Amino acid sequence: MRFRMLSQCGQGLALLNRLQDDGYECEFWTPPNIPADLYEDIIPRTDDWHDGLDEETVVLFDAPGSGKLATDLPLTWGASPINDVLHFDRTFGLKIAKIHGLKIPAYGRFNATAPAAEFLSGCKESRWGLELPNGVVFYEDQSGRQMCELLEFTEPLTDFYLVERVPGESLSLSGWYVGGELVPNSLFSTVEKNRFLAGDYGPRCPTAQLCTGWFWPPKRKRDGETTPTLYRHTLKKLEPWLKQEKYQGPLCLRLRIGETDGIPSFYGFETGFRYPAIYAMLEGLEVDLADVISTMVAGEKPELKPTRSRIGAMAISVPPYPYFAGRANHLVRGNLDAEHVWPLDVKCVAGCNFTAGAQGIVAYLTAQAEKDEELAGNLHELAERINVADKQLRDDGPDAGEVIELLTNWHYF
């Protein structure tokens, strides 16, 4: 069996690297605008993603947006046309969620600022976010009054959404699906920190800089076990539609747990591999990754045995990230082949690792622990072992305490 990854900018290559380390033949393709020496002398790169494909090659997609390509390939994982629709068509996703009984926040879609300001006129004390159709957050957690002021200085170049921010705590819930059916033990949640600087300051990054994650075990009851409450409130309600569409691949819901009623509000779908959540998941799974992927590609559900510990992930980057791709040719002094290290924007020259300048994240680090303080310590100990010029990372560590407390108070655990 061979694996070929169609990569948007190299963010999934650490997953492919793990498959190669397990003894499988691997190669990848990226668009021409990505530096040609990305992952040089680590994994072979092909200039034509069609070239040499056969019935033994599994094609992996590391980001949404290529779903139409997957329809003509016999063995694929991570993309399809319906996956792309859910990810990129926000209105469609919100309607699907509402039809199937999920709670959704108040929202409106606009192509000009005047009607948006009128929409906000009756609810100026609520909190709002302004988001683009692709899910990028432009303004975040503003009162209606503040948002109206910001709209006065905004000239939209595309449609945009105003989405109410329900008082509470944000988290994700994801699962792996085969033919619209959930792979047992794949339910995974993360609490993510997307801001660049400690304390949630600075620019919002394309992917989380820190995340805390955990797998959801069955919920214990007096007469046995049942599925987790968060799953029953959300993904389980969607599964009749997912089975109808024969949904294949990872599926993530962005949620916010209301502090007054404990009910999750739905904020959007994300499909494909998510970063660094996928690496946090793999940190907590003792599996043959190739066997798991090939089983799902064949339309069957693999057996997963996840950890019950808390899992953390941290990004190490170099300037000018997060605004532009990272600088090339910084020497990375540290073992990127080490356990718990997932190398990304790197290349190998004469046996030494250097930054490649593709997207700025040198590596993700992952660790497990029972408590957040221990988890943060383990991640920073790993980070200290990697020495690279102008190393950037958040030094406050993962912290899901407030989310865990709210979920506990509403009996999700």
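The values are calculated or read from the model by the stated rules, or taken from the named source; none is laboratory data. All figures in this text were calculated on a predicted structure; none of them were measured in a lab. Ideal geometry is used to build each Cβ from the backbone, glycine not excepted, and the neighbour counts take in all protein chains shown.
From the list ALA338, ALA356, ALA367, which one is out of contact with any His (no Cβ under 7 Å at 6 or more places or on another chain) and modelled with pLDDT of 95 or more?
The conditions single out ALA356.
What number of residues within segment 370-382 satisfy the criterion of being among the small types (Gly, Ala, Ser) and either surrounded by fewer than 18 Cβ atoms within 10 Å (Cβ to Cβ) or modelled with pLDDT of 95 or more (or both)?
1
Given the conditions (1) crowded, with 17+ Cβ neighbours inside 10 Å; (2) outside any strand (DSSP E or B), which single one is not true for ASP291?
So ASP291 meets the others, but not (1).
Run down GLU381, GLU339 and say which single residue is assigned by TED's automatic domain parsing to the domain that holds PRO250 and over 18 Å from GLN20 (Cβ atoms).
GLU381
Please tell me if GLU40 is farther than 22 Å from GLY272 by Cα and either in contact (Cβ under 8 Å) with a residue 40 or more places away in the chain or touching a strand residue (DSSP E or B) at 6+ places or on another chain (Cβ under 8 Å) (or both).
Yes; evaluated as a whole, the condition is true for this residue.
Would you check which residues across segment 19-29 are farther than 12 Å from LEU60 by Cα and either of a type in the set (Asp, Glu) or out of contact with any helix residue (DSSP H, G or I) (no Cβ under 6 Å at 6 or more places or on another chain) (or both) and list them?
If the condition is that a residue be farther than 12 Å from LEU60 by Cα and either of a type in the set (Asp, Glu) or out of contact with any helix residue (DSSP H, G or I) (no Cβ under 6 Å at 6 or more places or on another chain) (or both), then GLN20, ASP21, ASP22, GLY23, GLU25 are the ones that fit.
Give segment 50-73 a look and list any residue that's without any contact (Cβ under 8 Å) to a residue 60 or more places away in the chain, surrounded by 10 or more Cβ atoms within 10 Å (Cβ to Cβ) and either of a type in the set (Asp, Glu) or under 18 Å from LEU15 (Cα atoms) (or both), or say none.
ASP51, GLU56, THR57, VAL59 - these are the residues of segment 50-73 that are without any contact (Cβ under 8 Å) to a residue 60 or more places away in the chain, surrounded by 10 or more Cβ atoms within 10 Å (Cβ to Cβ) and either of a type in the set (Asp, Glu) or under 18 Å from LEU15 (Cα atoms) (or both).
For the structure I just gave you, tell me whether GLU373 is out of contact with any Gly (no Cβ under 9 Å at 6 or more places or on another chain), of a type in the set (Asp, Glu) and farther than 21 Å from TYR321 by Cα.
no
Among (1) of a type outside the set (A, V, I, L, M, F, W, C); (2) surrounded by 16 or more Cβ atoms within 10 Å (Cβ to Cβ); (3) farther than 30 Å from GLU300 by Cβ; (4) at pLDDT 90 or above, which single condition is TYR139 missing?
All conditions pass for TYR139, except number (4).
Please go through segment 9-35 and give me each residue that is farther than 19 Å from TYR321 by Cβ and in a loop (DSSP other than H, G, I, E, B), ordered by number.
Passing the criteria: ASP22, GLY23, TYR24, PRO32.
Just one of (1) without any contact (Cβ under 8 Å) to a residue 40 or more places away in the chain; (2) in contact with a strand residue (DSSP E or B) (Cβ under 6 Å, 6 or more places away or on another chain) trips up LEU255, so point out which.
(1)
Before we move on, is VAL332 hydrophobic (A, V, I, L, M, F, W, C), closer than 21 Å to ASN17 by Cβ and touching a Leu at 6+ places or on another chain (Cβ under 9 Å)? Give the steps one after another, and end with the answer.
Values: hydrophobic (A, V, I, L, M, F, W, C): yes; closer than 21 Å to ASN17 by Cβ: yes; touching a Leu at 6+ places or on another chain (Cβ under 9 Å): no.
The answer is no for VAL332.
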